[in-house]
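The next block holds one structure in the form of structure tokens; read it before the comments.
The values are calculated or read from the model by the stated rules, or taken from the named source; none is laboratory data. From a predicted model like this one, the values you see are computed outputs, not experimental measurements. Note: ideal-geometry Cβ built from the backbone for every residue, glycine included; neighbour counts use all protein chains shown. Accessible surface areas use protein heavy atoms only, side chains included; no ligands, DNA or RNA. Shrake-Rupley method; radii C 1.70, N 1.55, O 1.52, S 1.80 Å.
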Amino acid sequence: MCPRHTLAPAALPTRSTRPPVPPMRHPLPALCPPLLALLLCLGLSSCLLSQNRINQPIPRDAVAKLTPGMSAAEVVALLGAPVQVVELDQRAAYRFEFERTKQTGLFLFVFNWNNEETSADRIWCFFSKDDRLTHVGTTYEADEVEYGLG
Amino acid sequence: MAWVERRCGGPAALLLCFSPFLSGCLQLSYRSMDRFKAPPAEGVAALTAGMELGACLELLGAPWRVLELETDPGLILVYAWERATGWGLSVSGSDDRAPGSFNLAQSRSLPRALTLWFDGQDRLERFEQGFLSPALASRLAGLEGLRPGSR
């Protein structure tokens, strides 16, 4: 119990005689200033992860079925519509492509760090004058794209 | 108040220093971009004139773009990839009486290409590796993506 409640009113200390109250310690001083600045920075930071895909993935099992001599119609039936057809003299080349982009961003206080990486699965099919498949070039890199701040 | 003055003099000064940043007056940025990958080095090292188209595709994989030659019945395969980096500094003022801004930016782009020329019989005539040339890039204009560099 507080001592002042046990004393008679006459014995109550006057304002001038009251013992000085020790200054109240605030919990923040221990944080000041570097930690406060760090907390401020963390509070203002954010990050970004995004992924963008163009076209549909190219099924590898369908690509494995490509054989020289197939007609363009058969190739299209297997892989779907090409994204580009290049007329080469009397021949043609079809491009099938699936592109993936991963973007990573870090916003730390006033600093904005952004990284973007793009890779693709790409198939080129070359046809002869009589519309028969002669060559196929394949590259699979879309799965290799990664998030990061490199 | 004495405690505030005594203990928060540092943070107050800190906040005062950071106030331009908090109000968006100052921004620093760094950006990097990678588009596609270079063909395998061992494949490039194995290229020799006279190779057949199929063998080249086997070594290097699918090209980025295929073009026809303007004068001959042959074709061109282009393998292209790019690494770009850049940074920027932006400072702006918010005073309506004297608004102003300052922007400083620098970027570096390295669009690279491996170009293969084939004759009418699909035999490799020659190949060249370096920056994506403006002449080639102009033919590829409209096909999105890489910007021309200087040889």
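What the table below lists for this structure:
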item: Residues of type lysines that A:Lys102 reaches as a straight line, Cα spacing below 24 Å, ignoring anything fewer than 8 places off in the same chain; result: B:Lys37
item: Accessible area (Å², per residue) of the range A:46-106, counting only protein heavy atoms and a probe of 1.4 Å; result: 53 Å²
item: Label-point gap, in nm, between B:Arg123 and A:Arg60 - each point 7 angstrom along Cα→Cβ; result: 3.6 nm
item: Built amide H within the under 5 Å cut-off of A:His135, gap 5+; result: A:Phe126
